[in-house]
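Asker: Okay, here's the structure, questions in a sec.
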Amino acid sequence: MPSQLDNYVCTETLGKGSYGKVKLATDETGKRVAIKIFKMDNPEKKEKALASIRPEVEVYNKLDHPNMVRMLAFKEDAMWV
């Protein structure tokens with residue numbers, strides 16, 4: 001069953017990891033994106049997850065190559081990232 005995150009409709013799960021999962025989603029224009037969703041319900045786990053995510057975010061923000069995934073957004077203050 002599809003779920004809604006902001007202006008994205010998430011459909012299938014593409015992968016899972018220790019901190020969360022990656023979902024296939026579509027925005028309001030029909031563009032398909034992958035959303036990496038981290039479990040942020042536990043304050044202890046949230047800080048640990050954010051500490052591991054921040055370096056990854058910094059790297060993705062610097063990438064600019066046609067064969068690489070481009071980061072569209074990062075929401076640190078959300079219950080999902």
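The values are calculated or read from the model by the stated rules, or taken from the named source; none is laboratory data. Predicted model, so just to flag it, every value in this text is computed and none were measured. Here Cβ is always computed from backbone atoms with ideal geometry, including for glycine, and neighbour counts include all displayed protein chains. Areas reflect the complete protein model, heavy atoms only, side chains present, ligands, DNA and RNA absent. Shrake-Rupley method; radii C 1.70, N 1.55, O 1.52, S 1.80 Å.
Asker: Counting only residues that are of a type in the set (Ser, Thr, Tyr), give me the strands (runs of 3 or more DSSP E) lying completely in the chain with at least 1 of them.
Answerer: Working: elements: 3-5, 8-16, 20-26, 32-38.
Per the criteria, 3-5, 8-16, 20-26.
Asker: Which pairs do you get when a residue that is farther than 17 Å from LYS21 by Cβ, found in the stretch 43-57, comes within reach of a residue that is of a type in the set (Phe, Trp, Tyr) and open to solvent by less than 100 Å² (accessible area, probe 1.4 Å), reach meaning Cβ atoms under 8 angstrom, with the pair 6+ apart or on two chains?
Answerer: Note: pairs meeting the criteria are VAL57/PHE74.
Asker: In addition: Which ones in the stretch 9-24 are under 22 Å from ARG54 (Cβ atoms), within 13 Å of the chain's Cα centre (by Cα) and either open to solvent by 60 Å² or more (accessible area, probe 1.4 Å) or touching a residue at least 12 places away in the same chain (Cβ under 8 Å) (or both)? First the steps, then the outcome.
Answerer: The first filter runs over the stretch 9-24 and keeps only residues under 22 Å from ARG54 (Cβ atoms), leaving 15-23.
Cutting the leftovers down to within 13 Å of the chain's Cα centre (by Cα) gives us 15-17, 19-23.
Those that are under 22 Å from ARG54 (Cβ atoms), within 13 Å of the chain's Cα centre (by Cα) and either open to solvent by 60 Å² or more (accessible area, probe 1.4 Å) or touching a residue at least 12 places away in the same chain (Cβ under 8 Å) (or both): LYS16, TYR19, GLY20, LYS21, VAL22, LYS23.
Asker: Considering only residues that are under 21 Å from LEU72 (Cα atoms) and at pLDDT below 80, look in the stretch 25-51 and name the one that is most open to solvent (accessible area, probe 1.4 Å). Spell out the reasoning first.
Answerer: Residues of the stretch 25-51 that are under 21 Å from LEU72 (Cα atoms), as a first pass: 25-40, 49-51.
Filter once more, keeping what is at pLDDT below 80: 38-40, 49.
Working: PHE38: 24, LYS39: 122, MET40: 9, ALA49: 0 Å².
Going through the qualifying residues, I end up with LYS39.
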